[in-house]
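Inspection log for the structure reproduced underneath, given as structure tokens.
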Amino acid sequence: MADTENVTEVVVAEVKVDDVKEKEVALDAEPTIVPTPKVTKNLQAQIVRQVEYYFGDANLARDKFLSEEITKDNGWVTLELLLTFKRMQVLTTDPEVVCAALDTSDEGLIEISEDRKKIRRHPERPLPEQNEETRKECISRTAYVKGFPLDIEMSGLIEFFEAHEKVVNIVMRKYLDKPTKEYRFKGSVFVTFLKREQCEEFLKVEDLKHNDTVLTRLWQEDYYISKKGEREAEKQKKDEKLTPKINLPKGAVIFFEGCSEAMTRELIKEAVAKFADAEIAYIDYSKGDKSGYIRLTEENAAKTLIDKLDGNKLKLDDTDEATVRLIEGDEETEYLAKQVEQMISRRGNNFNKGKQGGRGRFHNRKRSAHNDNNDTPNKRSK
């Protein structure tokens, strides 16, 4: 099962006894006699659950060792090999006890050979093709459960979920602790049920507890959605910290048109400067354009300036006279939003250039009072 968050999921791998070096024992040492546990219904149920887990959809799809073994003999695996698995050894070391337990299962997943020395996943229950569709189907019957103690073992989790039908897989969610370089349990699991209805019943149980702790439970798909929302909120929060908030004044933008090709930003600036109370924040114009925008620094300053004009005409020089109007409503909102985007982009580019240039263009650069306003005009006449 895939996870949309940066978390390493660790499934405890089975280890063959052959892989572990046994301690040498003196020839004259007394043999250790391990008593055979009484075969109870509970023990049989545990054996069935463990064997069906090994050959179940969730484990067999990712268990490289077992997947290779079942290709060697038409799917058959010897009980001798199966009993080298650590979790099986905890339950029993007797092949006949395993077979007797499997005889009690009505799941139909495991087939026992005639000589009762081998088992395999029943040929009529082939492993589903592992694709996006089966992955989503598996997620649809899986729950996220949080609140377990950090030192709990898988055996404790298995024991806890025994009361709920029918759990086919438990994944302990772990993370890599960088200082110790060890994987540690996060206190949460993904638990998969055989059917979605069984998972739904599990999620309906009120105030489900482990010891005295009420467990948090969600559909796995809902958990993914909530984590995605948290990540997006964190990203937005981070972006807001990195990006300065810019609020441009309303009623401060004038649109003008009717310029000749000889018109320049400097001439426009001089024309506006004749109005002592109109301080320019930015002139959005390039030489050769027929029209442009003038953004002033103060709220409603554009309307004040236009009211002083004769017939909405702004005399730019001896020959040019531009027609002007106030930018309002949606047009103003859209224009100011674009201005903010451009300002943020310019500031970001300047910051990156400064980082690349070391002591370059920003070192010891003095800030003028004009630069401390909403923005610094950076368009130049061609």
**Message:** Need pairs with beta-carbon distance below 6 Å; first residue under 18 Å from Asp307 (Cα atoms) and hydroxyl-bearing (Ser, Thr, Tyr) and within the range 317-335, second modelled with pLDDT under 95 and assigned to a strand (DSSP E or B); sequence gap 6+ or separate chains.
**Reply:** Thr323/Glu257
**Fill in**
Flagged in the range 208-225 as hydroxyl-bearing (Ser, Thr, Tyr) and farther than 23 Å from Arg135 by Cα, in numbering order, are Thr213, Thr216
**Index of the failed condition, Leu314 passing every other in (1) open to solvent by less than 50 Å² (accessible area, probe 1.4 Å); (2) of a type outside the set (Asp, Glu); (3) assigned to a helix (DSSP H, G or I); (4) at pLDDT 75 or above** = (3)
**Verdict on Gly156 being free of Cβ contacts under 8 Å to residues at least 40 places away in the same chain, open to solvent by less than 70 Å² (accessible area, probe 1.4 Å), closer than 24 Å to Cys199 by Cβ and part of a loop (DSSP other than H, G, I, E, B)** = no
**Asked** Would you call Glu240 modelled with pLDDT under 95, open to solvent by 100 Å² or more (accessible area, probe 1.4 Å) and out of contact with any strand residue (DSSP E or B) (no Cβ under 8 Å at 6 or more places or on another chain)?
**Response** yes
**Prompt:** Is there a residue being among the hydrophobic types (A, V, I, L, M, F, W, C) and either out of contact with any strand residue (DSSP E or B) (no Cβ under 9 Å at 6 or more places or on another chain) or buried (at least 17 other Cβ atoms within 10 Å of the Cβ) (or both) anywhere in the range 115-128?
**Reply:** yes
**Request:** Working carefully through the options Glu80, Glu124, find the one that is without any contact (Cβ under 8 Å) to a residue 60 or more places away in the chain, more than 24 Å from Arg141 (Cα to Cα) and not hydrophobic (A, V, I, L, M, F, W, C).
**Result:** Glu80
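Per-residue answers, yes or no, for (1) touching a helix residue (DSSP H, G or I) at 6+ places or on another chain (Cβ under 6 Å); (2) aliphatic (A, V, I, L, M):
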| site | (1), (2) |
| --- | --- |
| Thr264 | no, no |
| Lys269 | no, no |
| Ala273 | no, yes |
| Tyr285 | yes, no |
| Asp289 | no, no |
| Gly292 | no, no |
| Thr297 | no, no |
| Ile306 | no, yes |
| Leu309 | no, yes |
**Item:** Number of the exception - Ala2 against (1) assigned to a loop (DSSP other than H, G, I, E, B); (2) modelled with pLDDT of 90 or more; (3) open to solvent by 40 Å² or more (accessible area, probe 1.4 Å)
**Value:** (2)
**Request:** Find the helices (runs of 4 or more DSSP H) located wholly in the range 44-108 whose residues include 2 or more that are open to solvent by 60 Å² or more (accessible area, probe 1.4 Å), out of contact with any Lys or Arg (no Cβ under 6 Å at 6 or more places or on another chain) and not small (Gly, Ala, Ser), and list them.
**Result:** 64-69, 86-91, 95-103
**Request:** Could you please give the count of residues in the range 334-369 that are surrounded by 12 or more Cβ atoms within 10 Å (Cβ to Cβ) and either at pLDDT 90 or above or within 21 Å of Pro249 (Cβ to Cβ) (or both)?
**Result:** 9
**Asked** Of the residues that sit in the range 159-181 and are in contact (Cβ under 8 Å) with a residue 12 or more places away in the chain and over 30 Å from Asn42 (Cα atoms), which one is surrounded by the fewest Cβ atoms within 10 Å (Cβ to Cβ)?
**Response** Leu176
**Prompt:** Among the residues of the range 264-305, how many are out of contact with any Phe, Trp or Tyr (no Cβ under 8 Å at 6 or more places or on another chain), touching a residue at least 40 places away in the same chain (Cβ under 8 Å), hydrophobic (A, V, I, L, M, F, W, C) and not in a strand (DSSP E or B)?
**Reply:** 5
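The values are calculated or read from the model by the stated rules, or taken from the named source; none is laboratory data. Predicted, not measured: the structure shown is a model, and the values here were computed from it. Positions of Cβ are backbone-derived with ideal geometry, glycine not excepted, and every protein chain shown enters the neighbour counts. With ligands, DNA and RNA removed, areas are computed over all heavy atoms of the protein, side chains included. Shrake-Rupley method; radii C 1.70, N 1.55, O 1.52, S 1.80 Å.
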